[in-house]
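To start, the structure under review is shown below, and the notes come after it.
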Amino acid sequence: MIRNLIAVLAVIGLLIPAQAVWAESDTEKRLRVLEEKLKRFENLDSLPQKEDYIKVRYANPGFEMETADGLFSTKLVWRAQLRYTFPHRSDPRSVSDFTTRSDASNFEARRLRMKIGGHGFKPWIDYYFEVDLQPSRDVDDSSTSSSARVIDYRITLQPIDEFGIRVGQWKVDYNRERVDSSGRQQFVERSIVNRVFTIDRQVGVQVRGRLFKGTYADMRYWAGVFNGEGRSVNNPDNDMMYMGRLQWNFLGRDLKWRQSDVAFHKEPTGSLAFAAATNNGKCSRWSSSGCGNLSGLTGPGTTSQNFKVEQYVQEFAFKYRGLSIQEEFHWKDVEDKRNMTTHKYKGMYAQAGYFFHGLIPQIPEKLELAARYAFVDAPVATNVALQDKREEYTVGLNYFFSGHDNKITVDYSFLELEDASTGMSFDDSRVRLQWDVSF
């Protein structure tokens with residue numbers, strides 16, 4: 001009996017330590033896991049740090065890469081503008097364009113662009129490049145006319161709002177209609193005013209800034225010096241193009257360079273601007289293709305300084321709750337130094353758009369109705385005392401799937417020419433349909 005009791009107590013004594021050992025090993029295991037985690041936190045200095053990482057995101061539109069410290073970034077955007085026109089691909093300007101033209105039903109990839117921009121070293125050092133991948137051409141044009149070309153390259157240093165510097169090649173900040181991207185327009189294309197009065201892309205340097213921000217004296221200024229020979233052309237002499245622009249944001253808020261009130265401004269926002277430019281050179285007009293000349297100002301010259309150009313513009317823009325209005329009035333004098341004649345031009349456009357969903361809920365909220373009127377008075381090539389008058393009446397519809405980054409535009413234009421030489425008037429109509437999309 002005593003022997004059996006001793007055996008039972010011995011078994012119990014063995015079991016109790018065994019349970020304690022089991023419980024202790026489980027606790028040790030948990031402590032070991034916790035210790036390993038603590039060691040990982042202690043050794044963070046040996047791991048890649050946050051500033052070594054690059055953040056990649058879709059920036060709507062485009063893809064953007066940026067260092068975690070925010071000092072370097074690059075954004076890549078692809079854009080396509082696909083268009084149908086009938087019967088005129090461009091604006092008719094002469095009697096023959098109205099009377100002897102052949103109707104053209106035309107599809108084209110009007111603009112195929114690659115855009116690369118961002119900042120480097122400091123957030124206020126911006127850079128931007130834009131490549132036109134395949135401009136369309138006529139059947140009798142050389143294939144080089146549709147070769148890829150760099151149309152913009154610029155670096156902007158803006159350490160403070162009040163003062164900045166831009167160098168490179170870009171659409172000079174002269175007037176809103178031209179500086180507004182073709183992908184941020186209210187209609188399929190700019191008005192008939194643009195061809196005559198734009199100073200377009202130039203190579204040079206410009207100072208710029210914003211003063212009295214947020215007050216009723218809020219204003220922006222631009223002043224620049226350029227080659228004056230258009231896109232990607234060296235200056236053949238020591239004459240330069242000079243320009244200046246002063247813009248008053250009379251409600252203390254700034255308007256971006258874009259048309260249509262897609263953002264649906266909750267507060268009224270407007271600007272009033274004046275600008276001037278002058279140039280001595282071989283160009284009497286400019287375009288995205290570079291230097292060109294207006295009717296009656298073509299032909300060879302003995303020097304590179306055939307024409308002295310002086311031009312001015314008054315501009316107004318306003319947006320509020322789906323309503324957008326903008327207007328420009330232009331004056332331009334071109335002195336032909338070969339025969340000492342002065343060609344005087346005058347033109348204006350006014351346009352407005354509205355999202356009527358705010359008034360009529362049954363209308364889709366992304367649908368905009370717009371209208372534009374424009375005229376250009378231009379001297380007759382053979383007699384500068386006479387002036388032809390061209391007019392444009394355009395109505396359009398925009399449907400914005402994703403703002404200006406994905407939209408369908410259709411517009412109808414009634415175009416007129418009053419020919420001073422014959423005293424006769426000519427008119428025609430044009431229909432255009434366009435899909436503009438950026439990825």
Self-check item: the range 395-417: number of residues that are open to solvent by 40 Å² or more (accessible area, probe 1.4 Å) and free of Cβ contacts under 8 Å to residues at least 24 places away in the same chain
Solution: 2
Quiz prompt | Single residue of the range 357-377 satisfying the filter (open to solvent by less than 70 Å² (accessible area, probe 1.4 Å) and either in contact with a Leu (Cβ under 6 Å, 6 or more places away or on another chain) or not in a strand (DSSP E or B) (or both)) that is farthest from Ser94 (Cα to Cα) | solution = Gly358
Quiz item: Does Glu162 meet the test of being open to solvent by 70 Å² or more (accessible area, probe 1.4 Å), at pLDDT 90 or above and touching a Leu at 6+ places or on another chain (Cβ under 9 Å)?
Solution: yes
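Within the range 289-301, can one find any residue that is more than 24 Å from Arg231 (Cα to Cα) and either open to solvent by 50 Å² or more (accessible area, probe 1.4 Å) or not hydroxyl-bearing (Ser, Thr, Tyr) (or both)? Steps first, please.
If we filter the range 289-301 for residues that are more than 24 Å from Arg231 (Cα to Cα), which is where we start, we get none.
Checked against the condition, which is being more than 24 Å from Arg231 (Cα to Cα) and either open to solvent by 50 Å² or more (accessible area, probe 1.4 Å) or not hydroxyl-bearing (Ser, Thr, Tyr) (or both), the range 289-301 yields no hits at all.
For the range 356-378, indicate whether the set of residues that are of a type in the set (Lys, Arg) and within 28 Å of Phe98 (Cα to Cα) is non-empty.
Looking for residues that are of a type in the set (Lys, Arg) and within 28 Å of Phe98 (Cα to Cα), one finds at least one in the range 356-378, hence yes.
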Quiz item: Scanning the range 127-137 for residues that are surrounded by 15 or more Cβ atoms within 10 Å (Cβ to Cβ) and part of a loop (DSSP other than H, G, I, E, B), which turns out modelled with the highest pLDDT?
Solution: Leu133
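In the range 94-126, which residue that is of a type outside the set (A, V, I, L, M) and assigned to a helix (DSSP H, G or I) is least open to solvent (accessible area, probe 1.4 Å)? Before you say what the answer is, go through the steps one by one.
Looking only at the range 94-126, we keep the residues that are of a type outside the set (A, V, I, L, M), and these are 94, 96-103, 105-108, 110-111, 113, 115, 117-124, 126.
Cutting the leftovers down to assigned to a helix (DSSP H, G or I) gives us 96-99.
Numbers: Ser96: 57, Asp97: 50, Phe98: 24, Thr99: 78 Å².
That would be Phe98.
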Quiz item: Looking at the range 61-72, is at least one residue part of a helix (DSSP H, G or I), touching a Pro at 6+ places or on another chain (Cβ under 9 Å) and either open to solvent by 80 Å² or more (accessible area, probe 1.4 Å) or not charged (D, E, K, R) (or both)?
Solution: no
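For the range 327-341: of the residues being open to solvent by 60 Å² or more (accessible area, probe 1.4 Å) and touching a residue at least 24 places away in the same chain (Cβ under 8 Å), which is nearest to Arg258 (Cα to Cα)? It would help to see each step written out before you state the result.
Here is the first cut: in the range 327-341, the ones open to solvent by 60 Å² or more (accessible area, probe 1.4 Å) are 331, 337-340.
After this cut, where a residue has to be touching a residue at least 24 places away in the same chain (Cβ under 8 Å) as well, the list is 337-338.
Details: Lys337: 38, Arg338: 40 Å.
Out of the qualifying residues, it is Lys337.
Might you check whether a residue that is open to solvent by 40 Å² or more (accessible area, probe 1.4 Å) and touching a helix residue (DSSP H, G or I) at 6+ places or on another chain (Cβ under 9 Å) occurs anywhere in the range 378-394?
The initial filter retains those residues of the range 378-394 that are open to solvent by 40 Å² or more (accessible area, probe 1.4 Å), namely 381-387, 389, 393.
Among the residues that remain, those that are also touching a helix residue (DSSP H, G or I) at 6+ places or on another chain (Cβ under 9 Å) are: none.
Looking for residues that are open to solvent by 40 Å² or more (accessible area, probe 1.4 Å) and touching a helix residue (DSSP H, G or I) at 6+ places or on another chain (Cβ under 9 Å), one finds none in the range 378-394, hence no.
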Quiz item: Counting only residues that are without any contact (Cβ under 8 Å) to a residue 40 or more places away in the chain and touching a Phe, Trp or Tyr at 6+ places or on another chain (Cβ under 6 Å), which one in the range 91-113 is nearest to Ser429 (Cα to Cα)?
Solution: Ser105
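Condition check ((1) within 22 Å of the chain's Cα centre (by Cα); (2) of a type in the set (Gly, Ala, Ser)) across all residues:
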residue: Glu335; (1), (2): no, no
residue: Met340; (1), (2): no, no
residue: His343; (1), (2): no, no
residue: Tyr349; (1), (2): yes, no
residue: Gly353; (1), (2): yes, yes
residue: Gly358; (1), (2): no, yes
residue: Ile363; (1), (2): no, no
residue: Leu367; (1), (2): yes, no
residue: Ala370; (1), (2): yes, yes
Practice problem: Could you give me the residue pairs with C-beta distances under 9 Å whose first residue belongs to the range 307-321 and is outside any strand (DSSP E or B), whose second residue is open to solvent by less than 70 Å² (accessible area, probe 1.4 Å) wherever it lies, and which are 6+ apart or on separate chains? | Solution: Arg321/Asp261; Arg321/His265; Arg321/Pro268; Arg321/Phe355; Arg321/Gly358
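The values are calculated or read from the model by the stated rules, or taken from the named source; none is laboratory data. Note that the structure is predicted; figures quoted are calculated from it, not measured. A quick note on method: Cβ atoms are made from the backbone with ideal geometry, for glycine too, and the neighbour counts reach across all protein chains shown. Heavy atoms of the whole protein, side chains included, go into the accessibility calculation; ligands, DNA and RNA do not. Shrake-Rupley method; radii C 1.70, N 1.55, O 1.52, S 1.80 Å.
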